[in-house]
Every structure is written in C-alpha cells, then in structure tokens.
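All remarks here apply to the structure that follows.
Computed from the coordinates by the stated procedures, all read-outs in this text should not be read as laboratory data. Please read these numbers as outputs of a predicted model, since none were measured by experiment. Cβ coordinates were reconstructed from backbone atoms using ideal geometry, including for glycine residues, and neighbour counts include every protein chain displayed.
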Amino acid sequence: MNKASGSTVFPTIEKYKEAVKYFAEFRKKEVIHNLGDEHAGIIFTNLFEQSNGQLRIVAGSLTSRISQTDEYLSALKGFLSKKDTKLYIMLDSIMDHSGNKNNSELDNFKSSRLSELLKGFQNKVEIILSSKRFYIKIDDKPKPIHFAVGDDSMYRLETDIKQRQAECCFNDSTFAKILSDSFDELYKEMSSDKSKIVSLAN
C-alpha cells in the first residue's frame, strides 16, 4: 500500500480546527496533515460527524486519551445514533502474531469510557482483535499504520502510530475504498476465529 499526496498546513490549532470543519462539511479534496493527540481528536470528531453509513477503524487498543474525551465520545455517539449506521473496529495491539491475548490491555479497553458508550449500541458495533497489522511503504521501508474510513469516501491514515502523524481527506473515494477493501479482507480473515471477536456484553 502506497500513498503520496500534497498537504495543507495551518499555523494555529484554532485555524486548524476551523479548516478541518470547513473541509469536512464541504467535502474538500485537499489533504490535511496532523501530528499529535489534539490534531487527531479534531479529525476523528469531524469524521464521525460527517459519516452517515459505515465507519471502519483500525487502532491499537483504543484506550488512549483521545478516545476517552468528551468531544470524541459525543461525536461517535452522534454517529451511532443515526439511522442505519454501523461501526467496525479492528484492534491490533491486544493480540500478538501467535494469537496470544494481552488480557490486561483487553480489560483496560472493556472498562474504558469508550467501551461503556459502545455497549449502548451493541447491535451497531462489531469489534475484532487482529494478530496481523497493516503496513505502508515509506522510503522503501514498511511501517505499521492505523486508519479510519467513513462512508468509503473519507479517511484518516496514521503513518506514525507513536507520534500520531497522519493525513486526512474528506473527499477521496478512490483511496478510501482501497483502505476499506483492505480492512474488509483482514476483518473477514480474523473474524473466522471466534476467540478474536470482542463481546461488549457484561
């Protein structure tokens, strides 16, 4: 998987927030780069708000500060409250390549504010543990990635999962579909093993 594109840069967090909201609402084709938790939270909030069908998320364990904030949770609740929406989550840091679970990390997820929210929408949410990761080539070197796709037309692609360096576009159905198809292929493979399915039931 390769991705190269131009970017738009903003001088302050206020300008960044304004621009992301504008680009999201008007489905602009420009690519926005982000770095760090604050930028990521803004992108996710807008991605959730603008999606009306399916959301696919590939993440580590979804226990970081970002996914527990009021803004993130409120936007995600808004998405799940819409008619006929569906959320698919693939977590890739709770299970190793041999299929062994980190039960402590899984417990942290299940006791998180995010998990509590998702329990209220169990018929709209599917969560799977993955023993494999997605990679992208950067400077001819494979790097693990996380990503989110909304409605097969919007995406956030995180190319540095430690620094949360990522790029986002709210109107690129071609690349969003590539990410969605890659997600669906691995999701199908992982979900064939029932031990990798995460239950939200108490």
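Shape call for the stretch 47-202 from the C-alpha gyration tensor, a ≥ b ≥ c root eigenvalues: rounded (a/c under 1.5), prolate (a/b greater than b/c) or oblate? Rounded is the answer for the stretch 47-202, as its axis ratio a/c remains below 1.5. Considering only 120, 52, 169, and ranking their Cα positions along the charge dipole of the chain that arises from unit charges at the beta-carbon of Lys, Arg, Asp and Glu, the one farthest toward the positive end is 120. For residue 28, the lysines whose Cα falls under 30 Å of its own Cα, not counting residues fewer than eight places away in the same chain, are 3, 15, 17, 77, 82, 83, 86, 124, 137, 143, 162, 177. In the stretch 1-136, Cα pairs under 8 Å separated by at least six residues give a relative contact order of 24 percent. Legend: calculated FRET efficiency, residue 160 to residue 105, from the Cβ-Cβ distance at R0 = 25 Å, rounded to 0.05, equals 0.75.
One decimal place: the segment residue 119-residue 98 gains 4.7 nm when fully extended, by the rule 0.36 nm per residue minus the C-alpha distance. The order of the peptides 81-91, 98-108 by mean Cβ neighbours within 10 Å, most packed first, is 81-91, 98-108. A helix-only calculation puts the chain at -11500 deg cm²/dmol for mean residue ellipticity at 222 nm, using -39500 (n - 2.57) for each DSSP H run of at least four residues, averaged over all residues. Magnitude of the charge dipole for the chain, about its Cα centre and with charges confined to Cβ atoms of Lys, Arg (+1) and Asp, Glu (-1), is about 240 debye. Charge dipole (Cα centre; +1 on Lys/Arg Cβ, -1 on Asp/Glu Cβ; no other charges) of the stretch 5-91 amounts to roughly 340 debye.
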